[in-house]
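Engineer: Next up is a structure, given as structure tokens.
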Amino acid sequence: MKNKERKLTEKEQQRKEKFDILCEKMASEGYVKTDLTVGVVAANFIAIVIMAPFMALALLAFCFTVSEATVSFTIAESLALFPVAIALIVLHELIHGFTWGCFAKSHFRSIDFGVIWSAFTPYCTCSEPLKRWQYILGGLMPTLILGFGLTAVSCFFHSLFWLIVSELLILGGGGDFIIVLKILLHRSKGKDTLYYDHPYECGVVVFEK
């Protein structure tokens, strides 16, 4: 989401100022900057299209693995669905931070979290440039663990509850998949390439020379 579309928080404004300084420094060293970002609202709509096939595969895996007679969904599970989903959404962002933090030179001191309240979207951002594979792995890891991992759990325990949760988390990883797709489709303009998580927008900035 572009800065002109919403008011930045104090933390976002501080990150923007540091980012502007970094951009000037990278430009002085001969790097070309390319934004691979997407609006938060647009990402939420596109995510449905991108993640629909994965959600269908999760449902098919459950249907082929689990007998209908063994499936149940209790009142207690229905009451627990929302708080569990919220907790796992938070965990989703923590997994981003943990993975990127393992690669960053300053580790977890380079990780920051927040919420874009206008779009009800939590986020995690890394304030250090990463290699391409490091950024992609950190972007995909939450969906691999929580989305597809919980699909396996639902099949193993014949649990409709965990299937629903896994479907929600697969859908929730749509924004991450959009960014990874943009990275994979991006044609590099140089041999020296760094990927910097955008400090206040949904996406990544590529510095190349």
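Engineer: Give the residue that is most open to solvent (accessible area, probe 1.4 Å), with candidates limited to residues of the stretch 31-78 that are closer than 14 Å to TRP162 by Cα and among the aromatic types (Phe, Trp, Tyr).
Structural biologist: PHE73
Engineer: Restrict the check to the stretch 187-195 and report whether at least one residue is in a helix (DSSP H, G or I), closer than 22 Å to GLU12 by Cα, open to solvent by 10 Å² or more (accessible area, probe 1.4 Å) and not basic (Lys, Arg).
Structural biologist: Initially, the stretch 187-195 is screened for residues in a helix (DSSP H, G or I), giving none.
Within the stretch 187-195 (the criterion being in a helix (DSSP H, G or I), closer than 22 Å to GLU12 by Cα, open to solvent by 10 Å² or more (accessible area, probe 1.4 Å) and not basic (Lys, Arg)), the answer is no, since none of the residues qualifies.
Engineer: Something else: Tally up the residues in the stretch 156-174 that are open to solvent by less than 20 Å² (accessible area, probe 1.4 Å) and either modelled with pLDDT under 95 or among the β-branched types (Val, Ile, Thr) (or both), please. Quick ask: steps written out before the conclusion?
Structural biologist: Kept after step one, since they are open to solvent by less than 20 Å² (accessible area, probe 1.4 Å), are these residues of the stretch 156-174: 159, 161, 163, 165-166, 169-170, 173-174.
Now restrict to residues that are either modelled with pLDDT under 95 or among the β-branched types (Val, Ile, Thr) (or both): 159, 165, 170, 173-174.
Residues meeting the conditions: 5.
Engineer: Related question: Would you point out the residue of the stretch 79-102, among those that are touching a strand residue (DSSP E or B) at 6+ places or on another chain (Cβ under 8 Å) and aliphatic (A, V, I, L, M), that is surrounded by the most Cβ atoms within 10 Å (Cβ to Cβ)?
Structural biologist: Looking at the filtered set, the residue picked out is ILE89.
Conditions tested, residue by residue: (1) within 17 Å of THR121 (Cβ to Cβ); (2) more than 16 Å from the chain's Cα centre (by Cα).
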| residue | (1), (2) |
| --- | --- |
| SER154 | no, yes |
| PHE157 | no, yes |
| VAL165 | no, yes |
| ASP176 | yes, no |
| LEU184 | no, no |
| SER188 | no, yes |
| CYS202 | yes, no |
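Engineer: I need the full set of residues from the stretch 44-71 which are farther than 26 Å from ILE179 by Cβ and in contact with a helix residue (DSSP H, G or I) (Cβ under 7 Å, 6 or more places away or on another chain), in order please.
Structural biologist: Of everything in the stretch 44-71, those that are farther than 26 Å from ILE179 by Cβ and in contact with a helix residue (DSSP H, G or I) (Cβ under 7 Å, 6 or more places away or on another chain) turn out to be PHE62, THR65, VAL66, VAL71.
Engineer: Related question: Every residue in the stretch 108-125 that is open to solvent by 30 Å² or more (accessible area, probe 1.4 Å) and of a type outside the set (Gly, Ala, Ser), please.
Structural biologist: Initially, the stretch 108-125 is screened for residues open to solvent by 30 Å² or more (accessible area, probe 1.4 Å), giving 108-109, 112-113, 115, 117-118, 120-123.
Within the stretch 108-125, PHE108, ARG109, ASP112, PHE113, VAL115, TRP117, PHE120, THR121, PRO122, TYR123 qualify.
Engineer: Which condition from (1) open to solvent by 80 Å² or more (accessible area, probe 1.4 Å); (2) in contact (Cβ under 8 Å) with a residue 12 or more places away in the chain; (3) touching a helix residue (DSSP H, G or I) at 6+ places or on another chain (Cβ under 9 Å); (4) of a type in the set (D, E, K, R) is the one that LYS105 breaks?
Structural biologist: Unmet condition: (3).
Engineer: Okay, next question. Please determine, by comparing only the residues of the stretch 126-140 that are touching an Asp or Glu at 6+ places or on another chain (Cβ under 7 Å) and open to solvent by 30 Å² or more (accessible area, probe 1.4 Å), which one is farthest from GLU93 (Cα to Cα).
Structural biologist: That would be SER127.
The values are calculated or read from the model by the stated rules, or taken from the named source; none is laboratory data. All values derive from a computational prediction rather than experimental measurement. Positions of Cβ are generated from backbone atoms using ideal geometry, with glycine treated the same way; all protein chains shown enter the neighbour counts. Protein only, heavy atoms only, side chains kept; ligands, DNA and RNA dropped before computing areas. Shrake-Rupley method; radii C 1.70, N 1.55, O 1.52, S 1.80 Å.
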